[in-house]
Amino acid sequence: MIGAILGDIIGSPYEFDRGNKSKEFPLFSRKSTYTDDTVMTLAVGRAFLDAQPSASDDWILQNVAKRMRQFGNMYPNAGYGGMFRRWLRHPECQAYHSLGNGSAMRVSSVAWLYDDIGAVRHAARLSAEVTHNHPEGIKGAEATASAIFLARTGGSKAEMKDYIEQEFGYRLNRTCDEIRPGYFHIETCMETVPEAITAFLEGDSFEDVIRTAVSLGGDCDTLTAIAGSIAEGFYGVPAKLKEECHKRLPGPLLEVLEAFEEYLGR
């Protein structure tokens, strides 16, 4: 989960195509900050940490919604989209058929909390359905969680690529050099998740994946959160970057991250 948070923080100054589509940039600056991607990643993580093995789907859905609203209203200025902001503020609001990339950027925790890919995909679906119940929103969450699970359980990049293409139909045969020139800010799963996975596939270390993702431009805090979440599973995260991440989170968010790390025995 910390890989997603670092991707968000490092990508945040370059969102809305504010970068120069280069891998050469300072990893951290005064403008590097957590956004809604981090807040919702930790809200979902907290919700699934709460769940007992016997928890029903209905209980999980209700708890995910509760935690997302709780954390979203604690940090109301983190950069939420209009429809999601309305959902946060009005408990009577139901899922609104979104196909946005928010379902993929917040899903990383479930890939670490379950021990087989079927359970991971089911949990990813539940995490998406509270808001992003469009088939593409659900697919983006499942694909991202699947990639993280395969990464952390020893899958090769070739195996991961084959699985994602066969199971989800995403096109992963373009290079980042082919994507980069015509890629601009867009917030759908189907035009963010494949690009994030491609950045992971091309990167040769955690930091290189992060730099590659940022260099694509577009909605790059979210894109880099997704790429970073996969890279964490494959490469791990350098201690210095973990330390920097912890320093940049306010207390309530850091508490969730630390509880998650303790649960996983890190």
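The values are calculated or read from the model by the stated rules, or taken from the named source; none is laboratory data. Computed from a predicted structure; not experimentally measured. Counting neighbours? That spans all protein chains shown, and the Cβs are built from the backbone with ideal geometry, glycine included.
Here are some notes:
- Residues being in contact with a Lys or Arg (Cβ under 6 Å, 6 or more places away or on another chain) and of a type outside the set (Lys, Arg) - total across the stretch 166-193: 2
- Listed here are the helices (runs of 4 or more DSSP H) enclosed by the stretch 22-111 that have at least 1 residues being over 15 Å from residue 222 (Cα atoms) and touching a helix residue (DSSP H, G or I) at 6+ places or on another chain (Cβ under 6 Å): 36-50, 57-74, 82-89.
- Close Cβ contacts (under 7 Å, 6 or more residues apart or on different chains) running from residues in the stretch 79-101 that are farther than 17 Å from residue 129 by Cβ to residues that are part of a loop (DSSP other than H, G, I, E, B) and β-branched (Val, Ile, Thr) comprise 79/35.
- Checked against (1) modelled with pLDDT of 95 or more; (2) crowded, with 16+ Cβ neighbours inside 10 Å, residue 19 meets all criteria but (1).
- The set of residues in the stretch 224-236 being surrounded by fewer than 21 Cβ atoms within 10 Å (Cβ to Cβ) and under 11 Å from residue 2 (Cβ atoms) consists of 236 alone.
- Restricting the stretch 53-81 to residues that are surrounded by fewer than 14 Cβ atoms within 10 Å (Cβ to Cβ) and of a type in the set (D, E, K, R), the residue that is farthest from residue 91 (Cα to Cα): 57
- Scanning the stretch 235-252 for residues that are touching a Phe, Trp or Tyr at 6+ places or on another chain (Cβ under 7 Å), in contact (Cβ under 8 Å) with a residue 60 or more places away in the chain and in a helix (DSSP H, G or I) yields a single hit, 244.
- Boolean, residue 188 is surrounded by 19 or more Cβ atoms within 10 Å (Cβ to Cβ), in contact with a strand residue (DSSP E or B) (Cβ under 9 Å, 6 or more places away or on another chain) and in contact (Cβ under 8 Å) with a residue 60 or more places away in the chain: no
- Hey, residue 57 modelled with pLDDT of 95 or more and over 19 Å from the mean Cα position of the chain (by Cα) or not: yes
- From the list 188, 175, 153, the one residue that fits, being modelled with pLDDT of 95 or more, among the polar types (S, T, N, Q) and touching a Leu at 6+ places or on another chain (Cβ under 8 Å), is 188.
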